[in-house]
Structures are given as structure tokens and as C-alpha cells.
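In what follows, a single structure is set out as C-alpha cells and then discussed.
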Amino acid sequence: MLKDKKIILGITGSIAAYKAAYLVRLLIKKGAEVQVVMTPAAKEFIAPLTLSTLSRKPVISEFFSDRDGSWNSHVELGLWADAMLVAPATASTIGKMANGIADNMLITTYLSCKAPVFVAPAMDLDMYAHPATRQNVERLRSFGNHIIEPAEGELASQLVGKGRMEDPEQIVLALEGFFSSEKELSGRKIIITAGPTYEKIDPVRFIGNYSSGKMGFALAEVCAERGAEVTLVTGPVALHTNHPGIRRIDVESADEMYWETMKVFPEADVAILCAAVADYRPESQAIEKIKRENNGDMLLPLVRNMDIAEALGKEKQENQLLIGFALETNDAVEHAKDKLKRKNLDFIVLNSLENKGAGFQYDTNKISIIDRLGEVADFPLKSKREVAFDIVNKMITLFK
Ligand code: PMT
């Protein structure tokens, strides 16, 4: 997928710059042509010679070549590229990109670049969480740039949190996903439910769950990158979507999710039900905040919500696929098989809270796929994006 693709790799002044060497190696191995552009600060962290050797091209850093005074044309470079990747991207470079501060070769190239731009931030957790950085990252997204979110883990400061540049393998996977020439899903309409649902108790309280939406959003991204027209029906989450192939519908309650999903299902080829939907909701919602009584406990009567998967299972036509998830804490395979049958699914993705790094909120997941014949395929712990690839690959085999 990356064969003969022309990629500008922008490297900035972060300790994660050492990973850029692996990145260049991986890209070259995949057959890409790589032009490295470094900021002056990046050269403090990794030698240009390392990168020019690996990329088989002189590294560009200044507007003029020291040797003969020739001009490095950022405009030509911007037009040459099939993609630009800035990895690692420091808070400073992200700020400059977001605000058009063109004071080095990397930023001028970025501003001239007509190709899709991928940005892999790397910084300390508090810097990444700072409102200034958040705003700049959002700005880049609003320009249509693709943000490859940093991973959580131990940082150079020895603090633990979100800010570690994503692994080179993952970054390459993101580029490959984008360039996936096969676009096996082009012309397919896919509904994905994601996130939690909130069931209101009163104006300030609700029944909810820990779903972050990460698994469902990863599925939406992968399906859209492979050419599908995606309708993402999501409960309340703090995630963003920027792929033009994704139409996002925000809902709050299970009831809203049910109606929005049912509305679009007749036109869909597939529904992937990844949302953690509340099975019950309060029988009534108080109009005013419920006050604490001086004594005695409180009982909250609950009524059953519609089961979206089960309802779609009844509506499903021969040419439609229905894929469900099962989040289990015990007797996982038995419970998942039961759901597969009861909801008339084509296969079910089991994730168990018994596995560390799987389920709610993690950037990773560990799944088993169970099909209608009862065959169980186990997968190792992977990033949710890679898990999404495995699920989509399985789905494509059913189309075939
Ligand atoms: O969002 P993340 O933090 O990334 O976490 C991902 C996840 C753990 C939420 C996801 O991987 C997952 O397992 N989603 C399904 C969770 C769940 O509610 O499972 P369940 O076993 O209760 O439901 C079985 C299936 O029926 C699911 O496909 C669910 O979407 C569907 N369902 C359930 C209840 C209901 N009223 N309507 C439904 O459609």
C-alpha cells in the first residue's frame, strides 16, 4: 500500500525523535520514498546522517544549502508528496502548524503541502493535556489533518500518562490504512454504534457505564479508510471524527440510539454494535433534582430498554450482516455464544474484563471472534486500531 508513495517525514525536537529512525526504516521497507525534513531542534536529538543513510536521501533542514547556497524549495516539496507525516510532533511545532508560524523549513513545507498530513504528537502528559495544546490539536483536525493520538505509558520525565509518541509500527499502519488501495468496502454502507448510553434519573444524575467509545471509533475509522460510507451512532464520548466517510450521529440514551439505528438499518449492508448500551432506564425522570431524605433508603424503579441488536436481528435481510460485541466477566465464551444466537448475529466479538488491557477505556483490546458455527478465533492483545482491522477483515470474508 505504501509502495512508491512519496512521503515527507517531518521530525521535530523531541526525545521521541530517536524513533524516527525506525519509522524511516519501516517506510523504506514498505517501498515508500522518504524525504526527511528536520527542525533545527530535532538535530539535537538525532543525527541527520542516520536519517539520510536510512532514507537514502539528503536530509533537508534549512531554506538554503550550506554547501552551495542552493534553495530548498518547500513549495516543490509540498507538491511532490503523497503524504506528509510529522513524527514526533512537539507542542511547539503543533502550535506553529495550527497558527501558520512559518519560521522553519518544516512549517513552510507543511503550509505548502497539498497532500494529506498526519501528525503524531509526543510530549509530556501535562503539556498534552494543556488547553493551549488541546486547542492547537483541534485546530489541526479542523484543517483535515489526521492526528495519530499519542499512547499512554512511561514518558521521558518518568511520569506515566498520555503523551508517548505512538509506536512506529502503528504509525505506518495508520498510513497504510489511509492508502489502502483495495478499498474493499467501497460502496458499502456500515452502521456502527459506539460509546456508552446515559439514562437520566433527574437533571443532574444518570445511569451510565465506562465505555470511552475508542473501540467503536477505531472501527469507524478503519471502515471509512477502506472505502465504506459509515454512520456512527455514538453515545456521549470525548472523541473526534475527521474522516469525510463518517457521518456521526450523537445520542444520549439507549432509546435515542435505538431509533437512530433502526432508521438507517434498512439501507445498510452491515451493522456493528459496539456500544455499551444500558439494559435498563429509570421508570421516570424527575424534573427537579431529587433531594436527599433525612432517613431511609431510596428505591429506583427501572424498566427494560429495547435491545438494539436483538431488534436488528429480527429485521435483518439475507444480504445484511450483523456483528455484535460481548463484554463479559465470567463464563465468557458460553455467554457470548448465547448472545450470538439470541440476537441472530453473524459473528460476535468477545472481550473479557478478565484480560488485562481489554475492554473499557484502554487503547488496547484482546478479543475472540466467535462465528455461527461456534468456531472461536483468539487474538493477542493489540491496539484497538489493529483489533478493528481484524474485525473488518473477518467481516470482508463474509461478503466474499
Ligand atoms: O468504548 P471502549 O472504552 O473502547 O470499550 C469498548 C467496549 C468494551 C464497550 C466494546 O468492546 C464492547 O464490548 N461493547 C459491547 C458492550 C456490551 O454492552 O456488551 P453486552 O454483552 O451487554 O451486549 C451484547 C451486544 O448487544 C453488544 O453488541 C451491544 O452493543 C448490544 N446491545 C446490548 C444491549 C442493548 N440494549 N442493545 C444492544 O444493542
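The values are calculated or read from the model by the stated rules, or taken from the named source; none is laboratory data. Keep in mind that what you see is a predicted model, and the values were worked out from it rather than measured. Because the Cβ atoms are built from the backbone with ideal geometry, glycine has one as well, and the counts that use them run over all protein chains shown. Side chains included, ligands, DNA and RNA excluded: accessible areas come from the protein's heavy atoms. Shrake-Rupley method; radii C 1.70, N 1.55, O 1.52, S 1.80 Å.
Things worth noting here:
- Verdict on A218 being open to solvent by less than 50 Å² (accessible area, probe 1.4 Å) and either away from the ligand (no atom under 12 Å from the Cβ) or free of Cβ contacts under 8 Å to residues at least 12 places away in the same chain (or both): no
- Against the conditions (1) farther than 24 Å from S61 by Cα; (2) in a loop (DSSP other than H, G, I, E, B); (3) touching a residue at least 60 places away in the same chain (Cβ under 8 Å), Q158 satisfies every one except (3).
- Qualifying residue in the range 34-41 (condition: open to solvent by less than 30 Å² (accessible area, probe 1.4 Å), within 23 Å of the chain's Cα centre (by Cα) and not polar (S, T, N, Q)): no
- Qualifying residue in the range 244-253 (condition: under 26 Å from N344 (Cβ atoms), open to solvent by 30 Å² or more (accessible area, probe 1.4 Å) and in a strand (DSSP E or B)): yes
- Hey, L27 touching a strand residue (DSSP E or B) at 6+ places or on another chain (Cβ under 8 Å) and either surrounded by 15 or more Cβ atoms within 10 Å (Cβ to Cβ) or part of a helix (DSSP H, G or I) (or both) or not: yes
- The requirement of being buried (at least 19 other Cβ atoms within 10 Å of the Cβ), within 11 Å of the ligand (Cβ to nearest atom) and within 27 Å of I147 (Cβ to Cβ) is not satisfied by C223.
- Near pairs, Cβ below 9 angstrom, 6+ apart or cross-chain, from the range 380-395 (without any contact (Cβ under 8 Å) to a residue 60 or more places away in the chain) to any residue that is among the basic types (K, R): P380/K366; L381/K356; L381/K366; K382/K366; D390/K382
- Among residues of the range 244-256, those that are in contact with a helix residue (DSSP H, G or I) (Cβ under 6 Å, 6 or more places away or on another chain) and within 14 Å of the ligand (Cβ to nearest atom), counted: 1
- Single residue of the range 365-378 satisfying the filter (more than 10 Å from the ligand (Cβ to nearest atom) and part of a strand (DSSP E or B)) that is most open to solvent (accessible area, probe 1.4 Å): D378
- The residues listed here are E154, E169; of these, the one that is modelled with pLDDT of 85 or more and assigned by TED's automatic domain parsing to the domain that holds I94 is E169.
- Test: residue in the range 158-179 that is over 22 Å from A228 (Cα atoms) and polar (S, T, N, Q): yes
- Flag for M165 being within 12 Å of the ligand (Cβ to nearest atom) and open to solvent by less than 40 Å² (accessible area, probe 1.4 Å): no
- For the range 253-294, a residue qualifies if it is of a type in the set (S, T, Y) and farther than 26 Å from F360 by Cβ, and exactly one does: S284.
- Entirely in the range 283-361, the strands (runs of 3 or more DSSP E) that have 1 or more residues that are open to solvent by less than 50 Å² (accessible area, probe 1.4 Å) and near the ligand (Cβ under 10 Å from one of its atoms): 321-328, 347-352
- Cβ-Cβ under 8 Å pairs, at least 6 apart or on other chains, the range 260-275 side farther than 13 Å from C223 by Cα, far side in a strand (DSSP E or B) and among the polar types (S, T, N, Q): T261/T193; V264/T231; A268/T231; L273/T193; C274/T193; A275/T193; A275/T234
- Set T241, T231: member being away from the ligand (no atom under 12 Å from the Cβ) and open to solvent by less than 30 Å² (accessible area, probe 1.4 Å): T231
- Filter pass, A120 being open to solvent by less than 50 Å² (accessible area, probe 1.4 Å) and within 21 Å of the chain's Cα centre (by Cα): yes
- Residue check, S352 in contact with a strand residue (DSSP E or B) (Cβ under 6 Å, 6 or more places away or on another chain) and modelled with pLDDT under 95: yes
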